[in-house]
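Since the structure comes first, as structure tokens, the remarks are kept for the end.
The values are calculated or read from the model by the stated rules, or taken from the named source; none is laboratory data. Only a predicted model underlies this, so the values are computations on that prediction, with no experimental measurement involved. All Cβ positions, even for glycine, are placed from backbone atoms using ideal geometry, and neighbour counts span all protein chains on display. When the accessible area is computed, the model is the full protein with side chains, heavy atoms only, and any ligands, DNA or RNA have been set aside. Shrake-Rupley method; radii C 1.70, N 1.55, O 1.52, S 1.80 Å.
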Amino acid sequence: MDAEILEASRVLGKFLSDRNLTVTSAESCTGGGIACAITAVSGSSGWFNQAYVTYSNDAKQKLVGVSAQTLEKHGAVSRETVMEMAAGAKKAAGADLAVSVSGIAGPTGGTAEKPVGSVWFGFAAGSHVLTEFRHFAGDRDSVRRQAVLFALRRLYAAASQEF
């Protein structure tokens, strides 16, 4: 496990543990990397029960309740989709917090409107869902690594403001 990612997971885990909060993830381009990072921390079963790898549009709909209309109108890599992913994962898991991620890690799949490295994030806490967009440079592994690290750090920041 990457040392920087592991440290971000530890910080998040301590925060959640100290407040008796739970977290879940709904992941597309990271393929479960956020869940892997969280569970790399000893004791994570105290704040993490389950996650969703929703790589396909079908999985996004079935597992976390993203609407077909959202996917058709906005696409999988969009603000609207990650909002529904985060809210749906939080509800499905019965968690206090959720993070969602959908992007284009490459090297294929990019377009002029959504180039490789485009990643949307959703962060659900309480009744709020915040979204953020980032464009990461590098190859597929680099984009995925940067997305996991950003998600963990931003989830901690969002949670510490909410709770």
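Annotations for the structure displayed:
- FRET efficiency for the pair His128 and Asp58, taken as 1/(1 + (r/R0)^6) with r the Cβ-Cβ distance and R0 = 25 Å, rounds to 0.35.
- Shown for the range 80-163: the carbon plus sulfur share of the solvent-accessible area, taken with all protein chains present and a 1.4 angstrom probe, equals 53%.
- Restricting the GluC sites (Glu not before Pro) of the range 84-157 to loop positions (DSSP other than H, G, I, E, B) with no more than 10 neighbouring Cβ atoms within 10 Å leaves Glu113.
- Heavy-atom accessible area per residue - the chain, 1.4 Å, Å²: 46
- Partners of Lys60 within straight-line reach, counting lysines whose Cα lies under 17 Å from its Cα and excluding those fewer than 8 residues away in the same chain: Lys73, Lys90, Lys91.
- Cα lying deepest toward the dipole's positive end in the range 1-103, options Ala37, Ala68, Ser25, charges on Cβ: Ala68
- Put a dot 7 Å past the Cα of Val11, heading toward its Cβ, do the same for Thr108, and the two dots end up 3.8 nm apart.
- Rounded to 10°, Cα long-axis angle of helix 79-93 versus longest principal axis of the chain: 40
- Averaging the Cα positions of each part gives two centres, and for the range 1-73 and the range 88-124 these lie 11 Å apart.
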